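Peer 1: Okay, handing you the structure first.
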Amino acid sequence: MAAVGFIGLGNMGGPMALNLVKAGHQLTVFDLSDKAVDTLVKEGAKKAGKAGDVVKDAEIVITMLPAGPHVESVYLGSDGLLANAKKGTLFIDSSTIDVPTARKVIAEAEEKGMEMVDAPVSGGVGGAQAGTLTFMVGGEAASFKRAKPLLDVMGKNVFHAGAAGNGQVAKVCNNMLLGISMIGTCEAFLLGEKLGLDAETLFNISSTASGQCWSMTSYCPVPGPVPASPANNDYKPGFTAGMMLKDLRLAQDAAETAHAPTPLGAQAAQLYGLLEASGHEGIDFSGIIKLLRGEL
Ligand code: NAD
């Protein structure tokens, strides 16, 4: 069993770290929230006084932080991870961040004689709790091989997406498509409703026909057809509209840098931006149907 450090014990990182503890790994943890740390300590993890202390005994360190600036400051600060870690330490950053920051931090880690992969996830809080996340990993093949046994504990599908940063590329492409497909699904159900077709019937037909997609079959934006979807629970997340907006904005930044036309991705970012502007970024992302209905 490996000595593992874990930084960022929020909605995702908390349950991911817990699954590693349950699998018998020795965890040293740090978060700005004492409450989040205490929860893990109660389960058998060791508490570190600051981020830099996590690396002292760890062979592998996982980070699960909100965004690029947090990752940069935790890794590159004068008292950060790279300044304190031993050569050969493997870092796994599972945060969803912009591609340039991911590549910059990995390059600096490798320059200092450490290994690092970007390994963002899909699957949400439910997947983190159940240990069924999908990991999209960018980095050297040898680092991927070293990271995989731990990722297998926290996830069900672990993909090597290629060179450093490619995990973030896969994530941003996937989530741009998810945002677009959710809006398309909402439009289809609203159109059906206005034309007199009930949601259950449209679902039964479309979920087995060519309009089928994950937004429809797992997160159906109208109550009824998929009992576990947030639409049946007043659009409580799930995956918040704010998180979706973050990912759509990352996709737009990446598209601009790469000179890739993404007109529907841009439109999706604008629509989720309207949801945020109306103060509803905390609802599930399928709640965009309320905006299209004119209810917000
Ligand atoms: P969260 O806000 O619940 O957790 C982030 C944690 O990081 C918090 O506990 C915070 O205290 C801690 N933190 C922030 N700065 C820190 C620092 N400098 N040092 C130590 N700890 C620090 O966020 P989350 O929902 O767990 O998401 C984490 C990442 O996973 C994000 O990048 C998000 O985009 C991505 N993600 C989230 C979901 C989801 O459904 N929530 C799904 C897929 C990916």
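The values are calculated or read from the model by the stated rules, or taken from the named source; none is laboratory data. For clarity, every value in this text was computed on a predicted model and none was experimentally measured. Note that each Cβ is placed from the backbone with ideal geometry, even for glycine, and that neighbours are counted across all protein chains shown. Please note that ligands, DNA and RNA were not included when accessible areas were found on the heavy atoms of the full protein model with its side chains. Shrake-Rupley method; radii C 1.70, N 1.55, O 1.52, S 1.80 Å.
Peer 1: Checking the conditions here, which among Leu76, Leu81 is touching a helix residue (DSSP H, G or I) at 6+ places or on another chain (Cβ under 8 Å) and surrounded by fewer than 24 Cβ atoms within 10 Å (Cβ to Cβ)?
Peer 2: One residue alone meets the criteria, Leu76.
Peer 1: Can you tell me which condition Val125 does not meet? The list is (1) at pLDDT 95 or above; (2) among the β-branched types (Val, Ile, Thr); (3) open to solvent by 30 Å² or more (accessible area, probe 1.4 Å), and all the others hold.
Peer 2: Looking at each condition in turn, Val125 falls short on (1).
Peer 1: Further, regarding this structure: Going through segment 61-73 one residue at a time, which ones are of a type outside the set (Asp, Glu) and either surrounded by fewer than 21 Cβ atoms within 10 Å (Cβ to Cβ) or within 10 Å of the ligand (Cβ to nearest atom) (or both)?
Peer 2: Selection gives Thr63, Met64, Leu65, Pro66, Ala67, Gly68, Pro69, His70, Val71, Ser73.
Peer 1: Pairs needed: first member in segment 252-267, closer than 21 Å to Ile288 by Cβ; second member anywhere, among the β-branched types (Val, Ile, Thr); C-beta distance under 6 Å; at least 6 residues apart or different chains.
Peer 2: Ala255/Thr262; Leu264/Ile180
Peer 1: Another question, if that's okay. Just to be sure I understand, how many residues within segment 31-54 are near the ligand (Cβ under 8 Å from one of its atoms) and of a type in the set (Ser, Thr, Tyr)?
Peer 2: Of the residues in segment 31-54, 1 are near the ligand (Cβ under 8 Å from one of its atoms) and of a type in the set (Ser, Thr, Tyr).
Peer 1: A further question follows. What is the one condition in (1) within 11 Å of the ligand (Cβ to nearest atom); (2) assigned by TED's automatic domain parsing to the domain that holds Val61; (3) within 29 Å of Leu271 (Cβ to Cβ) that Gly80 does not satisfy?
Peer 2: So Gly80 meets the others, but not (3).
Peer 1: For a quick check of your reading of the model, give me the residue pairs whose first member lies in segment 91-111 and is farther than 15 Å from Glu140 by Cβ and away from the ligand (no atom under 13 Å from the Cβ), whose second is of a type in the set (Gly, Ala, Ser) and assigned to a helix (DSSP H, G or I), with beta-carbon atoms closer than 8 Å and at least 6 apart or on different chains.
Peer 2: Val99/Ala254
Peer 1: What is the residue count in segment 138-159 for residues that are more than 16 Å from the ligand (Cβ to nearest atom) and surrounded by fewer than 21 Cβ atoms within 10 Å (Cβ to Cβ)?
Peer 2: Summing the residues that are more than 16 Å from the ligand (Cβ to nearest atom) and surrounded by fewer than 21 Cβ atoms within 10 Å (Cβ to Cβ) in segment 138-159 gives 9.
Peer 1: What number of residues in segment 10-24 are part of a loop (DSSP other than H, G, I, E, B) and under 16 Å from Thr63 (Cβ atoms)?
Peer 2: 3
Peer 1: Within segment 193-211, can you find the residues that are assigned to a loop (DSSP other than H, G, I, E, B) and loosely packed, with under 11 Cβ neighbours inside 10 Å?
Peer 2: Within segment 193-211, Leu195, Gly196, Thr208, Ala209, Ser210 meet the criteria.
Peer 1: Criterion first (closer than 26 Å to Asn174 by Cα, near the ligand (Cβ under 10 Å from one of its atoms), not assigned by TED's automatic domain parsing to the domain that holds Asp247 and not β-branched (Val, Ile, Thr)) does Gly8 satisfy it?
Peer 2: So Gly8 fits the description; yes.
Peer 1: Is it true that some residue in segment 25-47 is surrounded by fewer than 16 Cβ atoms within 10 Å (Cβ to Cβ) and hydrophobic (A, V, I, L, M, F, W, C)?
Peer 2: For segment 25-47, residues surrounded by fewer than 16 Cβ atoms within 10 Å (Cβ to Cβ) and hydrophobic (A, V, I, L, M, F, W, C): present.
Peer 1: Thr28 passes all but one of (1) among the β-branched types (Val, Ile, Thr); (2) part of a strand (DSSP E or B); (3) away from the ligand (no atom under 16 Å from the Cβ); which number fails?
Peer 2: (3)
Peer 1: Among residues belonging to segment 128-137 that are among the aliphatic types (A, V, I, L, M) and within 11 Å of the ligand (Cβ to nearest atom), point out the one that is surrounded by the fewest Cβ atoms within 10 Å (Cβ to Cβ).
Peer 2: Ala128
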